[in-house]
Amino acid sequence: MSARRNPPAGNQGAQDRLGGGSAPTVARTADIAQPVRPLRAAAHGRPLRAVPPDPMPGDVTALRAETQIAALGVDDWPPYGSPAWLALAPQDPRTYAATLEAAEQHRRSTAERHRMDWLMDNDPVEWWREITADANAYAGRQGHAIAARRTAEEIRVARDRATHRPPHQLRATPGWPPIAIPGQPGRYLTHGQEISA
């Protein structure tokens, strides 16, 4: 069973990238019926993040899910759809917390997909920058390792040098037995003279 926490709150005033905070495909909510104020979770008495000044529907939805989970008084729950989640009783608050978490993740994923589709249609340069950001960051981290590797040309030259060495000159050493000359059966090389069989 993995521990889960409340859904991430996101950055105040920044685009809620996963929550569809400023996604062009989501309509803006101009008026909110209730005044903007920080909320406190009933179960924990800790302050929750306030609704941002110009909230998007995703901000309000995320805050609602966070408030509901805090009100349930649970700090961890099994992942939605896992065997541990299926074993929970329907009345167990962890069942509802896992369901809320799954719904919020689905909402954020859908909002992000819509945002990326909108970018692809309306700002292809930004869309390309975003979809290649992880690959560019990875390449930046791997640059030193890639630069240290030998190129194909360097590998080929090294292989050619290893296989095309100049012939070794045989030299007999004093006190050692005669050396058989390769390719010339019956001929030997000794220190100071050559012996033929």
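The values are calculated or read from the model by the stated rules, or taken from the named source; none is laboratory data. What you are looking at is a predicted structure, and each value in this text was computed from that prediction instead of being measured. Ideal geometry is used to build each Cβ from the backbone, glycine not excepted, and the neighbour counts take in all protein chains shown. Surface accessibility is based on the protein's heavy atoms, side chains included, excluding ligands, DNA and RNA. Shrake-Rupley method; radii C 1.70, N 1.55, O 1.52, S 1.80 Å.
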Residue count for the range 160-197, restricted to those that are part of a loop (DSSP other than H, G, I, E, B), surrounded by 10 or more Cβ atoms within 10 Å (Cβ to Cβ) and among the aromatic types (Phe, Trp, Tyr): 0
Set Ala30, Ala50, Ala70: member being modelled with pLDDT under 75 and open to solvent by less than 50 Å² (accessible area, probe 1.4 Å): Ala50
Selection count where residues are farther than 19 Å from Thr67 by Cβ, open to solvent by less than 90 Å² (accessible area, probe 1.4 Å) and β-branched (Val, Ile, Thr), scope the range 80-135: 3
Number of the exception - Val157 against (1) more than 26 Å from Pro57 (Cβ to Cβ); (2) under 25 Å from the mean Cα position of the chain (by Cα); (3) in a helix (DSSP H, G or I): (2)
